[in-house]
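The values are calculated or read from the model by the stated rules, or taken from the named source; none is laboratory data. Owing to the predicted nature of the structure, the values given are computational and were not obtained by experimental measurement. As a convention, Cβ positions derive from the backbone with ideal geometry for all residues, glycine included, and neighbour counts pool all protein chains shown. Remember, those area values only see protein heavy atoms, side chains included, never the ligands or the DNA or RNA. Shrake-Rupley method; radii C 1.70, N 1.55, O 1.52, S 1.80 Å.
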Amino acid sequence: MSHTRPLLLGFPESYPQAQAVAEKAALDFAQVMLHRFPDSETRVQLPEKLPEHVLLYRSLDHPNDKLVELILAAQGARSAGVKKLTLIAPYLCYMRQDKAFHPGEVVSQRVIGELLSHYVDGLLTVDSHLHRIHHLGEAVPVEQAINVTATEPMAQFLSQQVENPFLLGPDGESEQWVANIATHHALDHALDYVVATKQRLGDRRVDIKLPEANFTGRNVVLVDDVASTGKTLLAAAKLLRPYQPASTFVLVTHALFVDDAMQGLRDAGVENIWSCDAISHSTNAVSLATLLADELKAHFLP
Ligand code: R5P
């Protein structure tokens with residue numbers, strides 16, 4: 001098959017999400033085939049014929065494996081004559097280490113950003129963890145680097161799922177997302193929201209202080225960009241319990257939830273855990289297909 005329209009290529013862990021974006025953006029879609037050899041190397045297979053513009057859809061959770069496969073696919077596409085490569089990585093890895101906090105630490109954000117820039121011309125990602133930089137292009141120096149927020153689909157989802165929700169952001173960084181959702185124009189009226197403060201004591205240890213607020217009898221939704229160990233959300237959920245909220249929910253953009261993170265949250269009284277489908281996960285409840293397709297049409301497609 002020969003493609004003249006831009007072609008979106010999906011990787012196995014998220015074929016449905018990739019295909020949904022392709023359909024909404026009126027792109028052709030095909031699968032990247034991966035074969036894992038017994039020694040953990042991967043054989044990557046692309047469609048035989050590729051058009052000038054290829055879009056690779058891959059979230060970069062579990063990055064140490066996925067990055068190598070992505071690079072193999074990107075370089076394979078270039079070798080097959082592809083002129084323009086766009087990466088759609090709803091979750092972008094290695095963004096947290098944006099400076100050397102201790103002598104000798106490698107600034108992985110810069111290294112991985114530059115690595116990606118050697119292989120792709122453009123990048124579209126969602127709610128990327130950018131602390132000390134203001135624009136994604138500073139971390140990933142490609143022609144077009146766009147970091148879009150998932151707060152619109154999240155606001156729409158909440159308006160259908162939870163009656164009069166009270167949003168709680170577990171730390172200062174979450175305020176941007178929580179405030180955006182609470183005041184989103186897709187809602188009939190602005191939602192109540194507050195933001196807690198957090199001190200990180202280690203990979204799996206955080207100290208959270210809730211702000212003054214009356215959570216009693218409310219439908220509280222804990223909102224964050226990413227849940228990794230889930231300890232941030234867990235600490236907040238535990239502090240909420242004495243207030244006896246009517247219900248407690250979790251809504252995040254990126255669902256990593258390593259180890260027993262989800263069980264811990266359920267044990268702490270969280271009724272439902274929801275996530276956007278940026279990372280393919282059992283908690284996926286909010287599709288980002290329309291958001292991503294609209295961004296592609298606005299910025300990356302002719
Ligand atoms: C940090 O600032 C982020 O917004 C999240 O709160 C954090 O990454 C969550 O990590 P964990 O689930 O391991 O507590």
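Things to note:
- Restricting T253, T232, T197 to residues that are closer than 25 Å to Q97 by Cα, β-branched (V, I, T) and in contact with a Pro (Cβ under 7 Å, 6 or more places away or on another chain) narrows the list to T232.
- Whichever residue in region 130-172 is surrounded by fewer than 17 Cβ atoms within 10 Å (Cβ to Cβ) and under 25 Å from V206 (Cα atoms) and, among such residues, is farthest from the ligand (Cβ to nearest atom): I133
- The residues of region 183-210 that are open to solvent by 30 Å² or more (accessible area, probe 1.4 Å) and either in a loop (DSSP other than H, G, I, E, B) or more than 16 Å from the ligand (Cβ to nearest atom) (or both), listed by number, are T183, H185, A186, D188, H189, A190, D192, D203, R204, L210.
- Test: residue in region 232-243 that is open to solvent by 30 Å² or more (accessible area, probe 1.4 Å), modelled with pLDDT of 95 or more, small (G, A, S) and more than 10 Å from the ligand (Cβ to nearest atom): no
- Hey, H3 farther than 24 Å from S108 by Cα, of a type outside the set (A, V, I, L, M, F, W, C) and modelled with pLDDT under 95 or not: yes
- Considering region 17-129, the qualifying strands (runs of 3 or more DSSP E), each wholly inside and each with 1 or more residues that are free of Cβ contacts under 8 Å to residues at least 12 places away in the same chain and open to solvent by 40 Å² or more (accessible area, probe 1.4 Å), run over 33-36, 42-45.
- Verdict on T229 being modelled with pLDDT of 95 or more, open to solvent by less than 30 Å² (accessible area, probe 1.4 Å), near the ligand (Cβ under 10 Å from one of its atoms) and within 29 Å of P12 (Cβ to Cβ): yes
- Checked against (1) surrounded by 24 or more Cβ atoms within 10 Å (Cβ to Cβ); (2) away from the ligand (no atom under 15 Å from the Cβ), V223 passes all but a single condition, namely (2).
- Sole exception among (1) touching a residue at least 40 places away in the same chain (Cβ under 8 Å); (2) assigned to a helix (DSSP H, G or I) for V223, by number: (2)
- Qualifying residues in region 244-260 (those that are open to solvent by 10 Å² or more (accessible area, probe 1.4 Å) and closer than 20 Å to R204 by Cβ) - the one farthest from the ligand (Cβ to nearest atom): D260
- For region 269-281, the condition of being under 30 Å from L27 (Cβ atoms), open to solvent by 40 Å² or more (accessible area, probe 1.4 Å) and within 13 Å of the chain's Cα centre (by Cα) holds for at least one residue.
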